[in-house]
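The values are calculated or read from the model by the stated rules, or taken from the named source; none is laboratory data. Here the structure is a predicted model, which is why all the values come from computation and not from measurement. Quick reminder, even Gly has a Cβ in these numbers, built from the backbone with ideal geometry, and neighbours come from all protein chains shown.
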Amino acid sequence: MGVGWPYMTSDVDELKRAAAESAVTQVKDGMVVGLGSGSTAALAVSALGRRVREGLRIAGIPTSERTAAQARALDIPLTTLGEHSQIDLTIDGADEAEAGSLNLIKGHGGALLREKIVASASQRLVIVADESKLVDRLGQRQSVPVEVNPFGWQVTARKLGALGANPVLRRGSDGEAFRSDGGHYILDCAFGPLDAAETLANALDHVVGVVEHGLFIGMASELRVAGGGGVRVLYRRA
């Protein structure tokens, strides 16, 4: 079911907060927790910080330098995938989530590579969002971010164009090419609504020059989505 935009900005912020705090209740003492990036994930990190101050013992693995800085400011102990190769639970946001499959588009915040590495190492990936992020098919509202090596990125862009994308180099506020924490460029690729997201993900995996892409297929365990009726928990259908 496609969902419109019936809420004002302040209402959406409260919905995000409700979803984030719902997800944080799943964190238990002694867990290794993946800390997502983006506005909704930041609310979850803030909620985790409060629980840590109250005595919760966890180790966090951040998915971006911005999240790492936030976690340190909140005195959340941090660790690395080198020290903990398996993560108990990751809480992250999404740009779009497909109802039923819980396939995702992520990466509009620029952290998709680290987010996917952390997600792939997690026993559970819990996505938090307001209901405006829920769609019938991925690509209805959002482009697919594709992280690429800066060397010869124009060649990579042409290969992506041949797959049906309209790749646009992401730029920062200074007009220069945006660089991810790993130093890569991001091409925002407008494919339109995707009938076969899995097929596209596989094709993107085989484009030379692509470091990673923002299609997260079969990775989310559950979606905690907040709307006017409260927080719903949606699970991935087999």
- Residue selected from the range 60-79 under the condition of a type in the set (Val, Ile, Thr) and within 11 Å of Val118 (Cα to Cα), by the criterion surrounded by the most Cβ atoms within 10 Å (Cβ to Cβ): Thr63
- Residue among Val168, Val207 that is surrounded by fewer than 19 Cβ atoms within 10 Å (Cβ to Cβ), farther than 24 Å from Val135 by Cβ and not assigned by TED's automatic domain parsing to the domain that holds Leu112: Val207
- Task: From (1) buried (at least 24 other Cβ atoms within 10 Å of the Cβ); (2) free of Cβ contacts under 8 Å to residues at least 24 places away in the same chain, pick out the condition that doesn't hold for Gly82.
- Result: (1)
- Query: Just a yes or no: is a residue in the range 5-12 of a type outside the set (S, T, N, Q) and farther than 17 Å from Lys133 by Cα?
  - Reply: no
- Item | Residue list for the range 222-238, restricted to those being touching a Phe, Trp or Tyr at 6+ places or on another chain (Cβ under 9 Å) and either within 28 Å of Asn149 (Cα to Cα) or buried (at least 17 other Cβ atoms within 10 Å of the Cβ) (or both) | Glu222, Leu223, Gly227
- Total residues in the range 222-231, condition at pLDDT 95 or above and more than 15 Å from Asp95 (Cβ to Cβ): 2
- Message: Can you find a residue that is in a loop (DSSP other than H, G, I, E, B), touching a residue at least 40 places away in the same chain (Cβ under 8 Å) and out of contact with any Cys (no Cβ under 7 Å at 6 or more places or on another chain) anywhere in the range 85-92?
- Response: yes
- Item | Matching residues in the range 200-216 - criterion: being part of a loop (DSSP other than H, G, I, E, B) and in contact with a Leu (Cβ under 8 Å, 6 or more places away or on another chain) | Val207, Gly214
- Query: Taking Asp188, is it surrounded by fewer than 20 Cβ atoms within 10 Å (Cβ to Cβ), under 26 Å from Ser101 (Cα atoms) and not aromatic (Phe, Trp, Tyr)?
  - Reply: yes
- Would you be able to tell me the number of residues in the range 106-135 that are touching a Pro at 6+ places or on another chain (Cβ under 8 Å) and within 17 Å of Glu198 (Cβ to Cβ)? 1
- Among residues of the range 144-165 being under 19 Å from the mean Cα position of the chain (by Cα) and among the aliphatic types (A, V, I, L, M), the residue surrounded by the fewest Cβ atoms within 10 Å (Cβ to Cβ) is Val148
- Note on the structure: The residue from Leu102, Leu35 that alone is under 14 Å from the mean Cα position of the chain (by Cα) and under 17 Å from Val231 (Cα atoms) is Leu102
- Note on the structure: Among Ala129, Ala157, the single one that is outside the structural domain of Asp205 (by TED's automatic domain parsing) and either in a strand (DSSP E or B) or modelled with pLDDT of 95 or more (or both) is Ala129
